[in-house]
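For reference, the structure is listed below as structure tokens.
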Amino acid sequence: MKRNGSRGCVTRKTRFGSRERDWLKGDAQRGCVCLYGASEPQPPASGPQTSTSTQPDLKLVLCSTNTTAEELCAQRDVQGLYLQLHGDLIRRLDPSERPLQMLYDYLTAMGYEDPLRVQQEAANSDLSCMIRFYSEKPVNADQQERTLLKGVFSVRKGKTQLHKWAERQVILCGTSLIVASVKDSLTGKMHILPLVGGKVEEVKRRQHYLMFSSAGPQAQTYYVNFDTLADYQRWHRQASKVVSQTISLVDLSCYSLEEVPEYLFYCQDITHLNLRHNFMSLDGPGGLVNFSRFAQLRSLNLSHNGLGVFPESLCEIQTLTELYLSCNGLSAVPARLENLQSLQTLCLDGNRLDSLPEELGKLSQLCSLGLSFNDFPLIPGVVERLGALDKLAMAGNRVETLDLCSLLRMTHIKSIDLRFIKPDDQDGNGDFAQCLAFLSAVCIRRLVNVPWAFCGPTV
């Protein structure tokens, strides 16, 4: 039974001519990919959608399962293609990825087996509610508002009437209000107003006015006159969130970011930056290579960013006390990590690590180390040299041997997580099981002075 409102490009005469339809039917490995523009497709203003009504930002592109994203970009003259699954995060496709094959694999995983049926369903643009391709990165207004607000407004500095009103570029990004020249912007003189702990107030008896004040005895004040009620409400809402914070925290998690806004580097009071669940890149004006510009950054969360390699530029942020790099496909940790002498918490869970550099032992303040769900065959020897370490997470590794002599020397550890450890040698792990039983019964509680520990099954 045909679904109401379905829009298949293989059979609809309004989408392709007879030549294109014949080409598609000649091979089940051929098909079309629906490419959307940056804006969300809008339904008709009134009445049902007719067979001739098309969405202006939707393009149907003929290709095969061997066609790569790079080839489609060349055909469409675009910089990159983006993928969104189930309305969630949007990521840039690797040039070698094949969009139509990805679409076919998705349908096969749903239970479609007949190649012709897969081709037919893949050509239906209704499928875009589950898997959607973009020819440019879409702009989410709500997300953009939380990330960066920018506009040209009338501004007056100070509370006295001596200062004149002037047109200025005003930016609200991260924890600060930035007032800059309209013409020169970032290249000219800027006034940066830290807002954490400060105030944002509406000015009574004046329409669409806000007063921004920084905290402290030498607080500065700026008055901004907004053009519309919508602008006024948007800026008031976002600034109120910033001034109510007790720490200089910027939370940009789950925003599909590849870079942070360049204006964020001018917020020199930022101490905590959460970029979890993004697609951060190393290069670019707002890439990880420039994060050393954060002069007071203490906590950085880059978990679930698909980095692939450990960004060595992070080893230059010597103010860091917490670094979270879980689930990034890391296979090695650089020796330069020893530069982070203030580091207290290092979370590397869910990667592909099987060893740690000896230089890690120079982190004299490290007290919490997360290595769960990696590929370690044993507890890294460098742990013995981390005298301040009191919490070690090793759950879900491929531990083959527990060196009791080594564990006996780790008297500084107060908690250790050894759940779900699975030796490679499943047939001959009797000694391993016996060792683990002895460890949990005697060594952990009495000899190593570990108040509590998790010990899971060995198979």
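A few comments on the model shown:
- Remark: pairs (first residue in region 72-93, more than 26 Å from residue 254 (Cα to Cα); second residue modelled with pLDDT of 90 or more; Cβ separation under 6 Å; 6+ apart in sequence or on different chains) = 76/135.
- Residue match in region 225-235 (condition: loosely packed, with under 15 Cβ neighbours inside 10 Å, part of a loop (DSSP other than H, G, I, E, B), in the same structural domain as residue 192 (by TED's automatic domain parsing) and among the aliphatic types (A, V, I, L, M)): no
- Number of the condition not met by residue 115 [criteria: (1) without any contact (Cβ under 8 Å) to a residue 60 or more places away in the chain; (2) over 23 Å from residue 80 (Cα atoms)]: (1)
- Looking across 378, 337, 356, 330, one residue alone is under 21 Å from residue 408 (Cα atoms) and either in a helix (DSSP H, G or I) or in contact with a Gly (Cβ under 9 Å, 6 or more places away or on another chain) (or both). It is 356.
Conditions (1) under 19 Å from the mean Cα position of the chain (by Cα); (2) in the same structural domain as residue 198 (by TED's automatic domain parsing), marked per residue:
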position: 85; (1), (2): yes, no
position: 91; (1), (2): yes, no
position: 95; (1), (2): no, no
position: 104; (1), (2): no, no
position: 115; (1), (2): no, no
position: 124; (1), (2): no, no
position: 147; (1), (2): yes, yes
position: 153; (1), (2): no, yes
position: 170; (1), (2): no, yes
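- Selection count where residues are closer than 24 Å to residue 285 by Cβ and surrounded by 17 or more Cβ atoms within 10 Å (Cβ to Cβ), scope region 307-333: 11
- All told, residue 281 falls short of being outside any loop (DSSP other than H, G, I, E, B) and either of a type in the set (Ser, Thr, Tyr) or surrounded by fewer than 16 Cβ atoms within 10 Å (Cβ to Cβ) (or both).
- Qualifying residue in region 179-190 (condition: on the phi > 0 side of the Ramachandran plot and among the polar types (S, T, N, Q)): yes
- Number of residues in region 284-306 that are in a helix (DSSP H, G or I), buried (at least 17 other Cβ atoms within 10 Å of the Cβ), in contact with a Phe, Trp or Tyr (Cβ under 9 Å, 6 or more places away or on another chain) and not polar (S, T, N, Q) equals 1.
- The listed residue being under 21 Å from residue 400 (Cα atoms), at pLDDT 95 or above, assigned by TED's automatic domain parsing to the domain that holds residue 253 and surrounded by 20 or more Cβ atoms within 10 Å (Cβ to Cβ), out of 371, 366, 360: 371
- Residue 204 satisfies every condition listed in (1) under 30 Å from residue 326 (Cβ atoms); (2) modelled with pLDDT under 95; (3) basic (Lys, Arg) except (1).
- The test for being among the β-branched types (Val, Ile, Thr), in the same structural domain as residue 275 (by TED's automatic domain parsing) and closer than 20 Å to residue 411 by Cα does not hold for residue 321.
- Pairs, first within 14 Å of residue 174 (Cβ to Cβ) in region 141-156, second of a type in the set (S, T, N, Q) and surrounded by 14 or more Cβ atoms within 10 Å (Cβ to Cβ), C-beta under 7 Å, six or more apart: 145/238; 146/238; 149/238
- Applying the condition of being part of a loop (DSSP other than H, G, I, E, B) and of a type in the set (A, V, I, L, M, F, W, C) to region 80-90 and asking which residue is farthest from residue 36 (Cα to Cα) yields 89.
The values are calculated or read from the model by the stated rules, or taken from the named source; none is laboratory data. Note that the coordinates shown come from a computational prediction; the quantities given were computed from them, not determined experimentally. Cβ coordinates were reconstructed from backbone atoms using ideal geometry, including for glycine residues, and neighbour counts include every protein chain displayed.
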